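The values are calculated or read from the model by the stated rules, or taken from the named source; none is laboratory data. Keep in mind that what you see is a predicted model, and the values were worked out from it rather than measured. Here the Cβ positions follow ideal geometry from the backbone for every residue, glycine too, while neighbour counts run over all protein chains shown. We work out accessible area using only protein heavy atoms, side chains counted, and drop any ligands, DNA or RNA first. Shrake-Rupley method; radii C 1.70, N 1.55, O 1.52, S 1.80 Å.
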Amino acid sequence: MPESAFADTKAYGAKPVGNGPYRLVSWDHDSRIVLEPNPAYAGGRTVANQGITFKLYTSYDSVYNDLLADVLDITDSIPDAFLPTFREQLQGRAVNKPAAYFQGLAIDVTHEHWKMDEEGRARRAAICRAIDRNLICEKLYYGTRTPAKDFTAPTVEGWTAEVPGNEVLTYDPDEARRLWAQAEAISKF
C-alpha cells in the first residue's frame, strides 16, 4: 500500500490506489465501480479492453434479468429459480465450471448431544450419512454443484478427496441409522 494510505485510511478506503492493471475512476457506492487501464502498470498482464464497470445490485434476480437483456456481460451466480433454465435462456453464453467455493451446513458442537464426545461424533456422523449429496446436487441444483469431499474445493491447489474421516460424507442411510442408535444408547436425545 502506498504511504498515502496510512495518512488517511478512510479516504484511501473510498478511493484506493493500486499498482495493478486497472485503476479506479469512480465509485458510486450503491451503484457501480468504474475502472480504467492503468498506464503506470508494469506487470506482465496486458489489458485488452477500455476498462471494467462493476454494477452493484441488491437482488440476484435483477442481475440475472440484466444478463438476459444484454445490459450485463457477466455474473458469477445464477438465482436458484433459474437453475433449470439458465443454459437455454443464455443461448450458449452460460459457463458452468468448478470454482473455489464451498457451501455447507454446520452443527454447533457446544450444545448437549452434539459435543466433541463419542455421542456427539456419532450423531453428527449419522446426520452426514443421512444426506444424499449427489441427489441434492442433481435435483436441487441441476448439476451446477459438486458434492463436497473436504472443506475446500477441487479447484484449490493441493485438494484431495482422500481426507481422513470424510467417509461420513458418503450417503448411507443404514449406517446413519446405526450411528444414531449408537448415540441414543449413550444418551437419549
(request) Would you please calculate the Kirkwood hydrodynamic radius of the stretch 68-189 over all C-alpha pairs and express it in Å, rounded to one decimal? (result) 17.0 Å
(request) Would you mind getting me the FRET efficiency between residue 108 and residue 58? Use the beta-carbon distance for r and R0 = 41 Å, nearest 0.05. (result) 0.85
(message) Out of the total accessible area of the chain (probe 1.4 Å, heavy atoms of protein only), what percent is carbon and sulfur?
(response) 54 percent
(request) Hey, could you get me the Stokes-Einstein D for the stretch 118-186, Kirkwood radius over alpha-carbon pairs, 10 °C and 1.306 mPa s, rounded to whole µm² s⁻¹? (result) 121 µm²/s
(message) What lysines does residue 115 reach when the alpha-carbon gap must be under 28 Å and sequence neighbours fewer than 8 apart in one chain are set aside?
(response) 149, 188
(request) Obtain the nm distance between the two label points defined at residue 42 and residue 174 by a simple spin-label model: each point lies 7 Å from its Cα along the Cα-to-C-beta direction. (result) 6.7 nm
(message) Given a Förster distance of 35 Å, report the FRET efficiency between residue 17 and residue 160 from their Cβ-Cβ distance, rounded to the nearest 0.05.
(response) 0.30
(request) Report the full-extension gain for the segment residue 150 to residue 182: residue separation times 0.36 nm, less the Cα-Cα distance, to one decimal in nm. (result) 9.0 nm
(request) Would you mind telling me which residue in 23, 123, 93 has the biggest mean-square fluctuation in a Gaussian network model of the chain, where springs connect alpha carbons within a distance under 10 angstrom? (result) 23
(message) Please give the Cα centre distance for the stretch 52-98 versus the stretch 150-182, rounded to the nearest Å.
(response) 32 Å
(request) Quote to one decimal, in nm, the extra length available between residue 71 and residue 138 on full extension: 0.36 nm per residue of separation minus the C-alpha distance between them. (result) 21.1 nm
(message) P(r) for the stretch 3-90, please, calculated from all Cα pair distances in 5 Å bins and given in %.
(response) 3, 12, 17, 17, 16, 14, 11, 7, 3, 1, 0
(request) State in Å² the accessible area per residue of the chain; use a 1.4 Å probe, count heavy atoms of protein chains only, and round to the nearest integer. (result) 72 Å²
